[in-house]
């Protein structure tokens, strides 16, 4: 049975689409069909370093998610490490799997090692990400955040330089903060994990591959065991008629 | 010096505007000027019980906040107990105070008593509100959530019935969960706190008056001591030029 | 590529082997090959309700795990909800995936819903399981433990009676403790999850299927991305020569 | 309506009284009347660096608080960052507002920024202050304590030197501990906050102005909304007759 | 070697002195010499249900502790379950052991069982005791507080009635809150533990015997291993000369 | 009354037996009789740095504990800082006291000072020990782990070098991590505590003497007050007949 998975890169540039398509196809399962979308209909944020940028793209993200379910997708991935609108996305779908980078990466990291450090771009990102670490229950598993002093669009400018910076931050996380796994805290930190984990000798979790593989996993759980997002309380859907009256999604 | 405060009721109905104007004017300081706005330009959610409804109104909320600052307001209040987009609002303003119901109510409650229970409408609301309790650091101060089985628009249908339901839930919170203050977990639970606290003998915190009074307080701190939202890290504003390029707010 | 997975039911009876084989084969992926083993070489504990019973079977469990890796298995599942010797098993293998019921079930439950209740047999089990909830970081996600007053060998004596008891305990967990997912806290509580989740309307996580599906997932992560248990710190293997000198495994 | 506020500097020296009068009058509201008292009737501790010194002055503090209420004060401020006898003071008053430096400062700091560091005099102070951070629920918001190696009476000896030491400690808190607000952990660290926050670019909370402004706020809440310290459980007053029999206050 | 231990019952009545002498002598070690003191020089609180009552007796408590050390006592016990002035007492002594009921009882209970419930007199007591549970690090070990609706002086009025009330509360703690040890949360709940633990089948920790036996233990650690209260940071003593200048103790 | 205490050094070498006998006899009470045993019947782990080594020796440890109780011992000490099989040992005994290094040391340290750092051999040990810190409730009391880069058998190779390494690590713990007590996190770190605490001026807790003295204490509690490990829930013993059928211990 096919697994149709859409990665939504919720930014107004298609700059990284091909890279994500390449990465996902490289590591997917046989039965998985990958689609990557970004927002190109008008101008808008080309990165989401600010919570207010997230806020602006979320309505479009929700529509894209809703449409994905109508188009028969089995899962949608929210392609930003802040996990924007994770609850809202799970509310609006009837049955589709929704995954997000931070949630998936932390669950994977804590079943591979005892704790993790998160390598982020700028210090600005840390407070909102800390809130998520706490919300998901992993505050006691967090060894440290390590900021690189790079913005989202800096990561791929000179990949070798970025990789070296990550290596140094990760090494400090291992030596000083006693980390035994590394999470790359931005989806645009792609292309680095494989070399780094070979060098460092500990798992390095990529921020788009984590929710992608977790999506394949949750689709399998849903298809085989009917285990899916609980729609009775926290992820309860709004009434269909009300959504229609409000002219939403 | 005047304190201009705008309560943004981020829903597509003006149904409660007059009530909020009445409440705020009743309890305001002399120098405070109150304005209440809601969204009436088109159809949209008339309540925010769902995270996806919040998501849809947030861009409009942000624009309203931005405009409020341009119009010389000293503070804007986010009029929903989920505290939607609190971080985003603090990011986009230069200097204006932003308050929100849950944050303000919990800070007030824990300086008046040892703990609090939150009286909510439906069980659906509890998970997202729990995340906020945890985020603000008050999980050890939470005695309980008490759901009434009422939606947002049910609270004012028959106020005496609602008041009686709140009284019963609060009494159980006091007797069984050892609560010693009560927070009303929805801005539309207005008009009840005064009678209830007279009956119950413990503070009952109203969800719109809490952030309103807290806004007056933070304006005073800003004006007198220059204590205001830290704009250097977690609430850093996006670059002006980028905001302009992205055509935002 | 085949995924060879061994469920080790670490008790001295083959009584449930066929049931586990049936369950696992029913829900497995195409490429998965299932084997179930139990201990039958001599007398010993036929259940592990006591920590001292676990202690006694662990050396045999370790040898079985070690042998499984030598025989080319991709994963071994520790078939007891106390997750006995999870760290030791991950230490002694070179590369094989190790999963266990409580760890896997809690990770799955918290990506499907906001929290969970665990339905256990006897109150005796709760303290040790509580330690694990805390260790894995999920203490804030635990709604409640619900003991049924049944021993391990009582669950399958009269399945309909057991199912009814679980349904009642789960209903109380949902109503009173605000749970929105249910974990069955013993591998011998098998055969119940599907009917129960259909009735209750929320996910019901089976204690052997959770680590089984999680094992398939981790094998996939290992094969495709080389993400596997971190062998550098907490799961570091003992030196081969020392193991040989000590005549172990 | 006037707000009469008494700052009780609970030490046996009037050395700092004028400074506090100056500070409070500089930042007060129009309707606020300020009084500062210290203990001069006999010899006794001139600082409270030791918990045993606090213990000795507390009975006098309680009498002063009781008398303040009888004299018509609206609020009393406990002028020591250990917040000595906060519960006792709230018990003995009928209706007067009681505030204290650490409680007020932490509440203010966490509504302005995501976390805080506390700049203290000596390491000796940290354990007792840590207990308070935990008690108020802010342990997850504490970035760090930074000790300066100065006693209470050293702060004002050479203010420029002190300011420089605070600046260095705060800078380290910002750079290394990722703090985004600073609390000055002693009331005698006065006169520094304005310059420091101008330099550092983040809020610097003064330890006597925080409870002073919070007192104005709580008086307003009491006068307008009848929100005041809950006298039913944790701050229950002792029976009047018993107090009289015991010859107290 | 003799162990001279003084139990300070810090209330203005000698009503319970004989009972404490009897209890302590009944359970003491051979080498232990027991003395019980209370305050009878003037009128004052005959119980410490209020934090403000504690505050009033603490200076006298400190003088008694100081005098005890001068008189060659090896340990002093603070005879109130709020553990008043525990830090101050440890500061002012040079070398003497100081123990207190709540601290000792929680340490003992958590090495005997997995958790504990505390049986208190009135609800009023719970917030301050909760603060102590948290301060000592035992919040995750607390199953529940169970208030009996009795004041301090009610416990011994009709001991059989009290014992029955405790039995009922403890039974509910065991059945409903899953407690597996019981702490009696007032020193005046004496004379009950032995019968109750025989009935209930789980440890019942007496509030004066716990710190008494812990004092014997800490004296032994001090005498044999020189392990004693750390006087370098949190329990640092004030400078002798300063204490003399301030005319203290 | 004699107190017969057995220290079980659960490793396959008698190398340290004499040292432990010397240490325990040096610090014991008059009425205490000390016995030290290790495993010499066959080859096996001579240290327990790996959880899998613990797992292998635990069955032998349990048999030794069971035999000790039959032989009239009052207490058995599990001689490894991982506290292996603490729950299992408490289950299988009827009445005997069981103590273990980490549990005892943390309880003692937190009644002597405000927090502690643990000096360990290798980083490998930290994750499992962290789990125990959390399990016992002391995560907020942990200042830091300090690894020395030494294996178990390195500690006594050159005691002066080891002592110097511990002194440096402890000094850093005091200076940087604000520790005010030190726990030596391996029983083989013996012979160092007395000199170190004389140098450092804060308590240094030895890992075999802590559970030894705690055992004397718990024996006294049991003998005098009948306070002993709760055998009703978490430490419930398995049914005698079942143990016999399973041919255990």
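A single member of C:199, C:195, C:180 is closer than 21 Å to residue A:104 by Cβ and in contact (Cβ under 8 Å) with a residue 12 or more places away in the chain, and it is C:180.
Looking across segment D:204-227, the residues that are more than 8 Å from every other protein chain (Cβ to nearest Cβ) and either surrounded by fewer than 24 Cβ atoms within 10 Å (Cβ to Cβ) or over 20 Å from the mean Cα position of the chain (by Cα) (or both) come down to D:222, D:223.
Every residue, every condition in (1) surrounded by fewer than 23 Cβ atoms within 10 Å (Cβ to Cβ); (2) outside the structural domain of residue C:175 (by TED's automatic domain parsing); (3) modelled with pLDDT of 95 or more; (4) touching a helix residue (DSSP H, G or I) at 6+ places or on another chain (Cβ under 9 Å), yes or no:
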position	(1), (2), (3), (4)
C:55	no, yes, yes, yes
C:95	yes, yes, no, yes
C:109	no, no, yes, yes
C:117	no, no, yes, yes
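For residue B:219, the test of being over 30 Å from residue A:57 (Cβ atoms) and in the same structural domain as residue B:150 (by TED's automatic domain parsing) is failed. Does residue F:99 fit the bill of being crowded, with 18+ Cβ neighbours inside 10 Å and touching a strand residue (DSSP E or B) at 6+ places or on another chain (Cβ under 6 Å)? The answer is yes for residue F:99.
Considering only segment C:164-171, I want to know if a residue exists there that is more than 7 Å from every other protein chain (Cβ to nearest Cβ), under 24 Å from residue F:128 (Cα atoms) and out of contact with any helix residue (DSSP H, G or I) (no Cβ under 8 Å at 6 or more places or on another chain). No.
Among the helices (runs of 4 or more DSSP H) confined to segment F:160-249, the ones with at least 2 residues that are within 25 Å of residue F:114 (Cβ to Cβ) are located at F:193-200, F:209-225. Hey, residue F:155 hits all of (1) over 16 Å from the mean Cα position of the chain (by Cα); (2) surrounded by fewer than 24 Cβ atoms within 10 Å (Cβ to Cβ); (3) more than 30 Å from residue D:173 (Cα to Cα) but one; which does it fall short on? Failed condition: (2).
Inclusion of residue E:64 among residues that are within 14 Å of chain D (Cβ to nearest Cβ), farther than 17 Å from residue D:248 by Cα, buried (at least 17 other Cβ atoms within 10 Å of the Cβ) and at pLDDT 95 or above is warranted. With the requirement that a residue be free of Cβ contacts under 8 Å to residues at least 60 places away in the same chain and closer than 18 Å to residue A:92 by Cα, what does segment B:12-49 give you? Scanning segment B:12-49 gives B:44, B:45. Exactly one residue among E:89, E:80 is under 18 Å from residue E:234 (Cβ atoms) and in contact with a strand residue (DSSP E or B) (Cβ under 9 Å, 6 or more places away or on another chain), and that residue is E:89.
Within segment B:1-30, the set of residues being under 24 Å from residue B:223 (Cα atoms) and in contact with a strand residue (DSSP E or B) (Cβ under 9 Å, 6 or more places away or on another chain) comprises B:2, B:3, B:4, B:5, B:6, B:7, B:8, B:24, B:25, B:28, B:29. Does segment C:22-33 hold any residues that are crowded, with 19+ Cβ neighbours inside 10 Å, closer than 13 Å to residue C:209 by Cα and more than 9 Å from every other protein chain (Cβ to nearest Cβ), and which are they? Selection gives C:23, C:24.
Of the residues making up segment D:100-123, those that are assigned to a helix (DSSP H, G or I), more than 10 Å from chain E (Cβ to nearest Cβ) and more than 17 Å from the chain's Cα centre (by Cα) are D:111, D:112.
Here's the yes/no breakdown for (1) facing chain C (nearest Cβ under 10 Å); (2) at pLDDT 95 or above; (3) in contact with a helix residue (DSSP H, G or I) (Cβ under 9 Å, 6 or more places away or on another chain):
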| position | (1), (2), (3) |
| --- | --- |
| F:68 | no, yes, no |
| F:79 | no, yes, yes |
| F:84 | yes, yes, yes |
| F:98 | no, yes, yes |
| F:125 | yes, yes, no |
| F:141 | no, yes, yes |
| F:155 | no, yes, yes |
| F:160 | no, yes, no |
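Among the residues of segment A:82-97, write down those that are touching a residue at least 40 places away in the same chain (Cβ under 8 Å) and either at positive phi or part of a helix (DSSP H, G or I) (or both). Selection gives A:83, A:87, A:90, A:91, A:92. Of the listed requirements (1) over 21 Å from residue A:3 (Cα atoms); (2) buried (at least 24 other Cβ atoms within 10 Å of the Cβ); (3) within 14 Å of chain B (Cβ to nearest Cβ), residue A:230 misses just one: (1).
If you go through segment D:172-195 and keep only what is within 30 Å of residue D:46 (Cα to Cα), surrounded by fewer than 24 Cβ atoms within 10 Å (Cβ to Cβ) and within 12 Å of another protein chain (Cβ to nearest Cβ), you end up with D:194, D:195.
For every residue, the table says whether it meets (1) assigned by TED's automatic domain parsing to the domain that holds residue D:234; (2) over 19 Å from residue D:206 (Cβ atoms); (3) crowded, with 20+ Cβ neighbours inside 10 Å.
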| position | (1), (2), (3) |
| --- | --- |
| D:43 | yes, yes, no |
| D:71 | yes, yes, no |
| D:77 | yes, no, yes |
| D:84 | yes, no, yes |
| D:120 | no, no, yes |
| D:127 | no, yes, yes |
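The values are calculated or read from the model by the stated rules, or taken from the named source; none is laboratory data. What you are looking at is a predicted structure, and each value in this text was computed from that prediction instead of being measured. No Cβ is skipped: glycine too gets one built from the backbone with ideal geometry, and neighbour counts run over all protein chains shown.
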